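Working notes for the structure below.
What follows draws every value from the coordinates through simple rules; no lab data is involved. All values derive from a computational prediction rather than experimental measurement. A quick note on method: Cβ atoms are made from the backbone with ideal geometry, for glycine too, and the neighbour counts reach across all protein chains shown.
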Amino acid sequence: MGATEGGGGGETRLYHEAIVALARAAHGEGRLEGATASATVDNPLCGDRVTIDLVRDGSSVAEVGQRVRGCLLCEAAASAIGRRAPGCSGDELAAVSEWVRSMLAGTAAPEDAPWPELALFAPVRDFRSRHVCVTLPFEALEKALT
């Protein structure tokens, strides 16, 4: 199966420089006062927890706040949401979430990413146990949108 998550090459592929930079940028980091919607989701297997707060403006998202207690992949995915979700409609965000799941499943091409940052997660496809690290922030987003 190639490089493994815990052994050198695999970890390097998962936590490459661009993912680290995206996680450190922490777009939208912090809770939003006056949020009109909020959701928290947990991954009981690893202990990751993501909270997404939204301020809605009609059918669009005006502001995003995110709080992550989790790994670098989870932080990077939440940061991508914090950067790109403002200005998007709920339908657009649902389509982005679906694209992420499809890309991780190998049925969507990274070069077709609706947001440029999402292509950075392509190496995660090879590590099924880490898919939830990327999708957890999107699950919280979807839950906050409903």
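Below are the figures for this structure:
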quantity: Net +/- balance of residues flanking V132 in space, Cβ distance below 10 Å, scoring K and R +1, D and E -1; calculated: 0
quantity: Debye, to nearest 20: dipole size of the chain, +1 on Lys, Arg Cβ, -1 on Asp, Glu Cβ; calculated: 280
quantity: Value at 222 nm in deg cm²/dmol, rounded to 500, when DSSP H runs of n ≥ 4 in the chain each add -39,500 (n - 2.57); calculated: -12500 deg cm²/dmol
quantity: Linear extension gain, R69 paired with A109, 0.36 nm per residue minus alpha-carbon span; calculated: 11.5 nm
quantity: Stokes-Einstein D for the chain, Kirkwood Rh over Cα pairs, 25 °C, 0.890 mPa s (µm²/s); calculated: 162
quantity: Of all DSSP beta bridges in region 9-145, antiparallel share, percent nearest 5; calculated: 95
